[in-house]
Each structure stands twice: as structure tokens, then as C-alpha cells.
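Asker: Take this structure, written in C-alpha cells, and hold onto it; I'll ask about it next.
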């Protein structure tokens, strides 16, 4: 049985009180939705506020410009409503980001929480799946690595996670200049 931090509700209250004003309506609404969806869920504190039902289900946190709910085994949740906005590069976690409480689709979110709780109750564990351990390089990176063989050799020697982080960081850049800046930074690090 998972050990729950006894002080977790107080720690969460204190952390949420420190949230920026824009984030408070989001995180409090998410917290209420989690509890109303699964009344047996327990508040816990591991890497910050999270909610436990036969294991870690989800966590809620705030950042400079958004707040989010992270499903710790989100890869096993059917994203029927295409609500996941982040985390697809992660083997297990999936996130939904919000900049306003009005963006929260309560009915749909409850379905995701129910799936996550049901998966935990069934004993479905994130590590039960063996993820493909290859990183597919976009054509533009293949071309760059052909021009920089030293960087390519170092890149190939990196761990799966390190290679994936580089590729995802570059691939998700919305602006061309951001992507180019990230490529140059990567090459600089790899060639040192």
C-alpha cells in the first residue's frame, strides 16, 4: 500500500495560496473536480500536490502563465476529447494546460479522471509497457548531423531520454528562429 503524506492537504492549501491570482480559480476548480469525480481519492504530496487512488493518479500545479493537471499514467488514458496539450514526448505522463478556469471542460475531464482511477485500481502500471527506445530524427536534423559528424557521434552515444529531449525541444518550436537557435545550442553542447 502506498504511504500517503499525512500533512498533504495542509501543504496543498499553503502551496495553492501562493499561486498567482490568475491560477487560483483554475487549481481550486481542478482540485474540486478531482474530489467530486473520485470521493475515495486521497490528497498526497510527492513532487508537489498529487492525488492518490491505488497509486498516483494526477497532480495539479501552476506556472508563470498557466496551470495544469498532469496524469501520471496518462499514456494509458484514451484522449477521446483531444484535451492533452503536453507530455506526448513522455512515456507516461500527459498534461492539460489552462490559462483560465473557463477552459476547463468538467464533464470530459471527469471521464479522464475516472479512466485514470480505474486503471490504477486494475493495477495497470506505467512501467508495464515497454516503450520503443528509438528516437526518430526529422529530416532537417538528419541533414544537420551529416554536416556535423562529431555532434552526430556524441548524440548517438546519449541516452534515449537525452536524445528524445533534444529532438522534442527542437520539434515543438513554433517559430523558425527558435528552432534554429535550439539547433545551434544543441550542436554547441554536443561538439564540446
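Derivation of every value follows stated rules applied to the coordinates shown; laboratory data play no part. All figures in this text were calculated on a predicted structure; none of them were measured in a lab. Backbone-built Cβ (ideal geometry, glycine too); neighbour counts: all protein chains shown.
Asker: How much length, in nm to one decimal, is gained on full extension between residue 63 and residue 42, taken as 0.36 nm per residue of separation minus their Cα-Cα distance? Present the calculation step by step, with values, prior to reporting the outcome.
Answerer: Values: separation 21, 0.36 × 21 = 7.56 nm, distance 2.34 nm.
Value of the extension gain: 5.2 nm.
Asker: Okay, moving on. So what is the relative contact order of the chain, in percent, for Cα pairs below 8 Å that sit 6 or more residues apart?
Answerer: Taking the mean separation of contacting Cα pairs over the length of the chain, I get 16 percent.
Asker: Ok, one more. If I take the Cα coordinates of the chain and project them onto the principal axes, what are the three extents in Å, biggest first?
Answerer: Result, largest extent first: 57, 38, 32 Å.
Asker: Over all pairs of distinct alpha carbons, what does the Kirkwood formula give as the hydrodynamic radius of the stretch 139-191, in Å?
Answerer: 11.1 Å
Asker: Using a Förster radius of 25 Å, what is the FRET efficiency between residue 136 and residue 180 based on their Cβ-Cβ separation? Nearest 0.05, please.
Answerer: In this case the efficiency is close to 0.80.
Asker: Please list the three semi-axes, largest first and in whole Å, of the ellipsoid equivalent to the stretch 88-192, using sqrt of 5 times the eigenvalues of its alpha carbon gyration tensor.
Answerer: 35, 20, 9
Asker: Can you sort 68, 100, 169 so the residue with the fewest Cβ neighbours within 10 Å comes first?
Answerer: Ranking 68, 100, 169 by Cβ neighbours within 10 Å, fewest first, gives 100, 169, 68.
Asker: Taking a virtual spin label 7 Å from the Cα of residue 168 along the C-beta vector, which residues in the stretch 91-107 bring their backbone nitrogen under 19 Å of it?
Answerer: Residues passing the 19 Å test: 91-98.
Asker: Can you compute the helix-only [θ] at 222 nm over the chain? Use -39500 (n - 2.57) per DSSP H run of at least 4 residues, normalise by all residues, nearest 500 deg cm²/dmol.
Answerer: -14000 deg cm²/dmol
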